[in-house]
Amino acid sequence: SESERHDCMNEPIHIAAGGKVKSYVDKALLGLQVSSATEICAQGRAVAKAVTVAEIAKRRLRGLHQITTIGILRDTDSGHAEPTISITLSLAQLDEQLPGYQPPLTEEELVETCSMEEYTLGDPNQMDVCEGPS
């Protein structure tokens, strides 16, 4: 197979079309607790779900920078091509000059959000979101 796509980081979150959005969001937020960045990767029908996961994560956690890279994965044997996406979410500043860069959401864009200190993964007693904008 010939690849015209961005390769994912060492430990990306690979989104499957049949997977649960909530579990992917939890994995992304856990990745951000372990390091300052996490990457969400998908191809084909799962691309839309990857975008949904990134958007929810950005609304759950204040201050996430984003770089999105899209591409095509082409099977040279069959000629079949699939769209691919790689979304890097980072608490640290990313290069604003890179194509696909998106700054953190503004307070006006945030409806309800958490800081990393406020978010507890897997806590069944915690509401889906922590608080309204300050």
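The values are calculated or read from the model by the stated rules, or taken from the named source; none is laboratory data. All figures in this text were calculated on a predicted structure; none of them were measured in a lab. For neighbour counting, all protein chains shown are included, and Cβ atoms are generated from backbone atoms with ideal geometry for every residue, glycine included.
The condition (being among the β-branched types (V, I, T) and touching a helix residue (DSSP H, G or I) at 6+ places or on another chain (Cβ under 8 Å)) is satisfied by just one residue among T84, T88, T76: T84. Only one entry of G132, G100, G63 meets the criterion of being on the phi > 0 side of the Ramachandran plot, modelled with pLDDT under 95 and not hydroxyl-bearing (S, T, Y), and that entry is G63.
L110 meets each of the listed conditions (1) closer than 15 Å to L29 by Cα; (2) touching a Lys or Arg at 6+ places or on another chain (Cβ under 9 Å); (3) of a type outside the set (F, W, Y); (4) modelled with pLDDT of 55 or more apart from (1). For the stretch 39-72, a residue qualifies if it is surrounded by fewer than 18 Cβ atoms within 10 Å (Cβ to Cβ), of a type in the set (G, A, S) and within 15 Å of G19 (Cβ to Cβ), and the qualifying residues are G44, A48.
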